[in-house]
Amino acid sequence: MKPELQRRVQRYGWDYSSPYYEKGWDKQLWPAQRRLLKQAELTPGDSVLDISCGTGLVTFPIAKQVGEEGRVTGIDLSEKMIEKAAEKADEMNITNVSFEQMDAEELALDDARFDVTINSLGMMYYPNPEKAITEMYRVTGVGGRAAALVWGRRSKCGWAEIFPIVDKRVNTDVCPLFFSLGTGDTLQDHFIKAGFNQVELQRFSMTLPYSTNEEAIISAFLGGAVAMAYRKFEEDEKKKAHQEYLESIQPYWDGKVYEIPGEFVIVSGNRI
Ligand SMILES: C[S@@+](CC[C@H](N)C(=O)[O-])C[C@H]1O[C@@H](n2cnc3c(N)ncnc32)[C@H](O)[C@@H]1O
């Protein structure tokens, strides 16, 4: 897929998912996101960039950790995600955050501006993640730190059938490089190549709980990057796709809840 098309699919796909994203992923992702924040080693007063912030699932916990003296900037390609995050900040009266629409591969931000740069589950969707990591390095100050979370290997992610189920009904591969960053040392190598030092990789697994078929379907089809492609399906095609997805996750139903396995990778590094 051409980079420009992939960017459009992502931008508008995530616009469509923005009302469903938290319903499908909020409690399921927090254990992995919490590990990312620990690895980022935030301290009160830090100035932090949250790249691909989405609705702010990670931005708001960062804002709490850096305190009133600190500051968080959240950026995302999707306008609707940014709108939602900004609305939430207003509702919760959180004043040390700001949000801006921006492409992670072209950050309109000054060099060395942040103490810490974070990316939670955004990089799998970029046409050129290496470029985004170089940008991440550029805006991290000397003495600063960066940390990124991505999904791990395809064979370890029990929800991965969603991609072929959607892709066989549309002409393009919705997320061509999705699992490549979390396979082997790819992400770590990109961090080293960008210039980061003391680069570390952690690989870990956890399960994603869904109590009903409906919850599992919302997260897979509406709460993620395939939302734009899925939206174009006819009603009976949607039902067939749901059925295929439910069959693919059936092994993880324990009689009360789906416990879908997921593997994650965190890479962190310092700018010295
Ligand atoms: C799975 S969500 C992650 C949201 C949030 N960081 C979290 O952990 O919940 C992926 C986000 O990446 C954003 N995204 C996709 N391509 C992007 C790009 N090229 N630049 C910036 N953000 C992008 C999407 O709009 C979406 O909000």
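Rundown of residues vs (1) touching a Pro at 6+ places or on another chain (Cβ under 9 Å); (2) buried (at least 16 other Cβ atoms within 10 Å of the Cβ); (3) at pLDDT below 95; (4) over 19 Å from ALA32 (Cα atoms), yes/no style:
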residue: ASP173; (1), (2), (3), (4): no, no, yes, yes
residue: LEU181; (1), (2), (3), (4): yes, yes, no, no
residue: PHE204; (1), (2), (3), (4): no, no, no, no
residue: GLU247; (1), (2), (3), (4): no, no, no, yes
residue: ASN270; (1), (2), (3), (4): no, yes, no, yes
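Tell me yes or no: at least one residue of the stretch 153-163 is among the aliphatic types (A, V, I, L, M) and away from the ligand (no atom under 16 Å from the Cβ). Within the stretch 153-163 (the criterion being among the aliphatic types (A, V, I, L, M) and away from the ligand (no atom under 16 Å from the Cβ)), the answer is no, since none of the residues qualifies.
For the criterion of being modelled with pLDDT of 95 or more, more than 16 Å from the chain's Cα centre (by Cα) and more than 29 Å from VAL139 (Cβ to Cβ), THR186 fails. Consider the stretch 236-253 and keep the residues that are more than 26 Å from the chain's Cα centre (by Cα) and among the acidic types (Asp, Glu). The one that is farthest from LYS168 (Cα to Cα) is ASP236. Within the stretch 57-90, the set of residues being out of contact with any strand residue (DSSP E or B) (no Cβ under 6 Å at 6 or more places or on another chain), of a type outside the set (S, T, N, Q) and under 16 Å from GLU22 (Cα atoms) comprises LEU57, PHE60, PRO61, ASP76, LYS80, MET81, GLU83, LYS84, GLU87, LYS88.
Rundown of residues vs (1) in contact (Cβ under 8 Å) with a residue 40 or more places away in the chain; (2) among the aliphatic types (A, V, I, L, M), yes/no style:
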residue: ARG35; (1), (2): yes, no
residue: LYS38; (1), (2): no, no
residue: GLU41; (1), (2): yes, no
residue: ILE51; (1), (2): yes, yes
residue: GLY56; (1), (2): yes, no
residue: GLN65; (1), (2): no, no
residue: GLU69; (1), (2): no, no
residue: GLY74; (1), (2): no, no
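Checked against (1) without any contact (Cβ under 8 Å) to a residue 40 or more places away in the chain; (2) in contact with an Asp or Glu (Cβ under 8 Å, 6 or more places away or on another chain); (3) not β-branched (Val, Ile, Thr), LEU208 meets all criteria but (1).
Which of the following residues is surrounded by fewer than 23 Cβ atoms within 10 Å (Cβ to Cβ), touching an Asp or Glu at 6+ places or on another chain (Cβ under 7 Å) and farther than 28 Å from ASP189 by Cα: GLY67, GLY45? It is GLY45.
Taking the stretch 68-117 as the range and being within 12 Å of the ligand (Cβ to nearest atom), of a type in the set (Asp, Glu) and either assigned to a loop (DSSP other than H, G, I, E, B) or modelled with pLDDT under 95 (or both) as the test, only GLU105 passes. Tell me, please, whether a residue that is part of a strand (DSSP E or B) and either more than 8 Å from the ligand (Cβ to nearest atom) or in contact with a Ser or Thr (Cβ under 9 Å, 6 or more places away or on another chain) (or both) can be found in the stretch 10-30. No, every residue in the stretch 10-30 fails to be part of a strand (DSSP E or B) and either more than 8 Å from the ligand (Cβ to nearest atom) or in contact with a Ser or Thr (Cβ under 9 Å, 6 or more places away or on another chain) (or both).
Restricted to helices (runs of 4 or more DSSP H) entirely inside the stretch 207-272, those with at least 1 residues that are more than 25 Å from SER78 (Cβ to Cβ) are 213-217, 235-249. Scanning the stretch 23-38 for residues that are crowded, with 18+ Cβ neighbours inside 10 Å and over 16 Å from TYR230 (Cα atoms) yields TRP25, GLN28, LEU29, ALA32, GLN33, LEU36, LEU37. When SER205, SER219 are checked against the criterion of being within 16 Å of the ligand (Cβ to nearest atom) and in contact with a strand residue (DSSP E or B) (Cβ under 8 Å, 6 or more places away or on another chain), a single residue qualifies: SER219. Within the stretch 42-58, which residues are more than 8 Å from the ligand (Cβ to nearest atom) and either touching a Phe, Trp or Tyr at 6+ places or on another chain (Cβ under 9 Å) or over 20 Å from LEU109 (Cα atoms) (or both)? Of everything in the stretch 42-58, those that are more than 8 Å from the ligand (Cβ to nearest atom) and either touching a Phe, Trp or Tyr at 6+ places or on another chain (Cβ under 9 Å) or over 20 Å from LEU109 (Cα atoms) (or both) turn out to be LEU42, THR43, PRO44, ASP46, SER47, VAL48, LEU49. The set of residues in the stretch 152-172 being aromatic (Phe, Trp, Tyr) and in contact with a strand residue (DSSP E or B) (Cβ under 6 Å, 6 or more places away or on another chain) consists of TRP159 alone. Checked against the criterion of being more than 12 Å from the chain's Cα centre (by Cα), polar (S, T, N, Q) and either within 22 Å of ALA112 (Cβ to Cβ) or within 13 Å of the ligand (Cβ to nearest atom) (or both), the candidates GLN33, GLN39 yield just one match: GLN39.
The values are calculated or read from the model by the stated rules, or taken from the named source; none is laboratory data. As the structure is a prediction and not an experimental result, all values here were calculated from the model. Glycine gets a Cβ as well: all are built from the backbone with ideal geometry, and neighbour counts include every protein chain shown.
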